[in-house]
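Input: a single structure, listed below in structure tokens.
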Amino acid sequence: MPVVAATTLPPSPLDRPAGGAFTLVFTTLPALLRITCGVVAAVVALAVRTPPVRVALLVPAIVALTAWSVWYAVRALRYGIAGALVAGDVALTTATGLAIPWLVAPEVLPGEGSWVAVLASTTVINAQATAPTRWSVPAGLLVTAGYAAGATLAGNPVEARAHAGTLLVQTGCTAMMTAVMRRRIGHADAAFTDFQRLSHEAVVGRGAREAERRQNRDLHDTVLATLTMVGLGAVSGRSAALRERCAADLRALTELADARSAPAAGAVALDERLRTVLARLPELTVAATLMPCRVPAGVAAALADSAAAALANVVRHAPGAAATLRLARDAGAVVVEVADDGPGFDPATVPAHRYGLRESIHGRMATVGGRAEVTSAPGAGTRIRLEWPGVH
């Protein structure tokens, strides 16, 4: 079997937002600066052709430089600015500087205002902005040397020294500014990477905690609820109802295990799920009014399991009470109500460590974007309203 070499992809701009923005800005600006300089330089250079300017040399040079400016801009905007593009720009500018005696009229050379002076400044600035410092600074020195040599050969050493100083300042300032920006941007991208890592860890942690809470709710509403009933003496002697409840708990746990590994289903019949809940509580007589209703599988599970927890509380805390279960729609929302005429209680006095209402009902409904409302008072029974707002 042939061995396939691994391919390393460049980092996505989404992984380095600050670095990506820096690259975009310092690709677009040099491209625009180069094309603008090339066009303006061509017009200015052809406007002054007094001797010793050699028109036979000037025209081909201007055509070549203009074509290069266009090529530079197109390549930079499409593919970015690579080292070869910077090297070509520096080489052409240096050669142009050395040819100043034949390309620039003596009267426009002083004052750093000639088109070659503008070309040299543009090149050193672009080089510092687009290349690493170890290459950009020598490139700036090379352009400076070419300009100084050409201006000296043209008989104007004062201009040679003046604009050489300007080019050196431009090289140093732009190099330092770019280096500081790159360093700061690197810190920003590193901080963003750390934030992404911490966010991912937080999401994973929340998922793990939520999975643990779901498992605890499932155990609380099945096996632990049955054991609590036995411990409270709600079942005495040999009981067929207890055997049926234990079997139902086992089936429920098996179904939960299967549901963990199975893909999420579409809409399911909530009324059928609630009838299954009632079948698991043979010891409780419930008057049920269940209208046909289909909801997403996760929502159906949350509503049915919360109703099951509420009915289990009736068995544990209000044995013999009359209970009702109602499924209906209210202004588009799906509503499940469990009510009993038992002794009731004061919800405000329920200890914080008690798991039933907090997780098995409120917590479970919150996971699907629903809510639970518990209304009860000593001697006035209990009503639990489960509401899922539906999709509007």
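Every number here is computed from the coordinates shown, using simple stated rules; none is lab data. The structure displayed is predicted, hence computed values, not measured ones. Cβ coordinates were reconstructed from backbone atoms using ideal geometry, including for glycine residues, and neighbour counts include every protein chain displayed.
Multiply the residue gap between residue 47 and residue 91 by 0.36 nm, knock off their C-alpha separation, and tell me the result in nm, one decimal place. Write out the running numbers ahead of the final one.
Numbers: separation 44, 0.36 × 44 = 15.84 nm, distance 2.48 nm.
That works out to 13.4 nm of additional length.
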Each label sits 7 Å from Cα toward the beta-carbon; between residue 176 and residue 118 the label points are separated, in nm, by 2.8 nm
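Rank the residues 376, 199, 114 as a footprinting-exposure proxy: fewest other Cβ atoms within 10 Å of their Cβ go first. It would help to have the intermediate numbers written out before the result.
Values: 376 19, 199 10, 114 27.
Final ranking by Cβ density, sparse to dense: 199, 376, 114.
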Each label sits 7 Å from Cα toward the beta-carbon; between residue 371 and residue 275 the label points are separated, in nm, by 3.2 nm
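Using a Förster distance of 45 angstrom, determine the FRET efficiency expected from the C-beta separation of residue 63 and residue 199, and round it to 0.05.
After rounding to 0.05, the efficiency reads 0.25.
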Simple spin-label model, 7 Å along Cα-to-Cβ: residue 316 to residue 56 in nm? 10.6 nm
So, R0 is 30 Å and r is the distance between the beta-carbons of residue 161 and residue 188; what FRET efficiency does that work out to, to 0.05? 0.15
What percent does the relative contact order of region 17-195 come to when contacts are Cα pairs within less than 8 Å and at least six residues apart? 26 percent
A correct fewest-to-most ranking of 36, 50 by other Cβ atoms within 10 Å would be 50, 36
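Rounded, prolate or oblate, given the Cα gyration tensor of region 29-171, with a/c below 1.5 counting as rounded? Numbers along the way, then the final one.
Working: a/c = 2.16, a/b = 1.31, b/c = 1.64.
It is oblate, given that a/c is not under 1.5 and a/b is not larger than b/c.
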